[in-house]
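Below you'll find the structure, written out as structure tokens, and then a few comments.
The values are calculated or read from the model by the stated rules, or taken from the named source; none is laboratory data. Not measured: the values here are computed from a predicted model. Here the Cβ is made from the backbone with ideal geometry for all residues, glycine too, and neighbour counts use every protein chain on show. For the accessible areas, the whole protein counts, side chains as well, though only heavy atoms, and no ligand, DNA or RNA atoms are used. Shrake-Rupley method; radii C 1.70, N 1.55, O 1.52, S 1.80 Å.
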Amino acid sequence: MKVTVEELSPSKRALHVELPPERVAATMEATLRELGRRIQVPGFRRGKVPPEIIQRRFQSDLQEEVLRELIPDSYRQALAQTDLTPVSQPRVDDVHFHEGEPLRYRAVVEVKPPVDVTNYRGIALERNSVEVTDQEVDRALEYLREDAAEYVPMEGWPALRDDLIILDHEGTIHGKPFKGGSGKNLTQLVGRGGHLPGFEEQVLGMQKGDAKQFRLPFPEDFPRKELAGRTAEFKVTVKEVKKRRVPELNDEFARTVGDVDSLAALRDKLRDQLKDRKTRDQEAELKHALLEKLTATHEVEAPESLVEVEASSLLREMLGSVRASGGRVEGLPENAEGLTAKALEVARRRVKESLLLEAVARQESLTVSQEEIEAEIQAIARAYPAGGEAAVRRALEDPARRAGLTARLLERKALDFLYQHATITDAYNLITPG
């Protein structure tokens with residue numbers, strides 16, 4: 001078998017493959033025998049149809065079977081012979097197939113382009129000082145207080161906005177109960193809206209033990225069509241009214257939520273946590289800036305197949321964010337065409353960054369150890385419920401997924417290497433007197 005490789009672009013190759021006539025003839029004979037066992041021709045018993053009749057009457061089927069056998073097999077051999085590692089499925093064309101002649105075809109594939117990274121040590125970055133203000137610590141304390149708030153039962157107090165009420169209710173239409181109209185121990189936060197407009201307003205001001213009867217119309221566009229536009233009569237009994245109580249900011253609160261001895265110690269702990277978070281965020285921003293500088297100084301052709309795969313993943317993430325936000329996400333286009341274009345733009349940048357980081361890892365002889373892979377598996381598993389680690393391990397038994405995990409870890413290690421060897425200077429905000 002003859003194989004030659006033609007470079008169409010830095011990321012695209014064409015394999016010109018030629019199979020000798022003897023191999024083609026042998027496959028043709030084997031395929032004829034197989035067809036002879038399978039097909040039924042009038043006037044002949046199954047398996048007794050002469051080869052020449054099969055060849056004449058089923059020529060197109062025969063050729064298709066031969067090509068389906070020879071091309072994939074010879075393509076795999078061609079890859080092994082040329083040491084190519086495609087990142088896309090081949091596009092086969094220019095097929096030359098005639099009896100008694102060699103089989104020739106061309107397979108066009110995408111490959112990762114050769115990348116040589118230069119001047120990647122000492123990339124200049126500027127870092128601002130990380131500071132935490134008293135106001136930020138105060139806000140963090142308020143978040144803790146809100147999170148620690150409790151609902152306390154109150155006797156003789158009316159239900160007001162932000163109170164929690166527990167009630168029984170019975171609903172009827174023309175004296176007949178309807179599905180979902182009645183319930184026991186319904187919990188409702190007053191002021192947060194309800195399933196039926198106007199219901200919440202009716203229970204405002206009620207106290208524990210109060211009972212009330214009222215009529216409410218269902219909206220014309222109510223989701224349940226059998227209730228839309230109809231009027232229901234409700235009987236409501238309030239069983240409990242609970243007021244929201246936010247704990248005081250004192251040493252006892254600090255001991256409860258922060259595992260510290262005093263409020264002052266809790267403030268210090270929160271300040272350190274906020275500073276750590278800001279430092280991590282700053283490091284992520286600096287690494288992003290570092291990659292931007294690296295890609296700006298290197299021309300890299302991103303294989304379109306890799307861009308399309310990355311764009312599909314990004315598009316799923318974007319659409320998920322849009323749905324979760326109710327249709328609007330700051331920084332994202334509002335229409336499908338804009339989202340697709342944005343995904344392709346980001347994907348192309350990410351693929352280029354990935355190729356550059358892979359090259360840095362290769363040039364610096366960086367590797368990923370089994371211990372690092374194991375630690376990453378455990379970190380991924382922690383994001384899942386109990387039993388998640390077993391599911392993650394089963395998924396990573398797939399060689400492609402495991403290779404993907406290893407590649408991501410290697411890219412992360414290469415980026416850390418670049419960051420560790422960057423030239424980082426502290427920024428100064430100079431104020432010139434007027």
Next item on the list: Just add up the charged neighbours of LEU263: K/R +1, D/E -1, any other residue whose Cβ is under 14 Å from the Cβ of LEU263.
Entry: -4
Note to self: What whole-number distance in Å separates the alpha-carbon centres of the stretch 361-433 and the stretch 252-297?
What the structure shows: 20 Å
Checklist line | Estimated 222 nm signal from helices in the chain, with DSSP H stretches of n ≥ 4 weighted -39500 (n - 2.57), rounded to 500 | finding: -15500 deg cm²/dmol
Notebook entry, point to check: Sorted by average packing, counted as other Cβ atoms within 10 angstrom per residue and highest first, what order do 288-296, 266-274 take?
Noted result: 266-274, 288-296
Margin query: Rounded to whole Å, give me the distance from the Cα center of the stretch 158-227 to that of the stretch 67-126.
Written below: 67 Å
Item checked: Listed values (i) 1.21; (ii) 0.97; (iii) 1.59, entry calculated as Cα Rg over 2.2 N^0.38 Å -> (iii)
Next item on the list: Return a whole-number percent for the relative contact order of the chain, with Cα pairs under 8 Å and 6 or more residues apart as the contact set.
Entry: 16 percent
Notebook entry, point to check: Rounded to a whole number, what % of the accessible area of the chain do carbon and sulfur atoms account for, probe 1.4 Å?
Noted result: 49 percent
Item checked: Approximate spin-label separation ALA265-ARG349, in nm, with each point projected 7 Å along Cα-to-Cβ -> 4.6 nm
Check: What is the P(r) of the stretch 62-170, as percent of Cα-Cα pairs per 5 Å bin from 0?
Finding: 2, 7, 9, 9, 6, 5, 4, 4, 4, 4, 5, 5, 7, 8, 9, 6, 4, 2, 1, 0, 0
Margin query: Strictly over 21 Å apart at the Cα level, which of LYS112/LYS342; LYS112/LYS352; LYS287/LYS352 would you flag in this model?
Written below: LYS112/LYS342
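In nm, what is the difference between 0.36 nm times the number of residues separating GLU299 and ARG230 and their Cα-Cα distance?
18.1 nm
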Item checked: Linear extension gain, THR279 paired with GLN378, 0.36 nm per residue minus alpha-carbon span -> 33.2 nm
Checklist line | Accessible surface, per residue, of the stretch 140-196 when the full set of protein chains is kept, probe 1.4 Å, Å² | finding: 64 Å²
Check: Helix 21-38 sits at what angle to the longest principal axis of the chain, using alpha carbons and giving 0 to 90 degrees rounded to 10?
Finding: 70 degrees
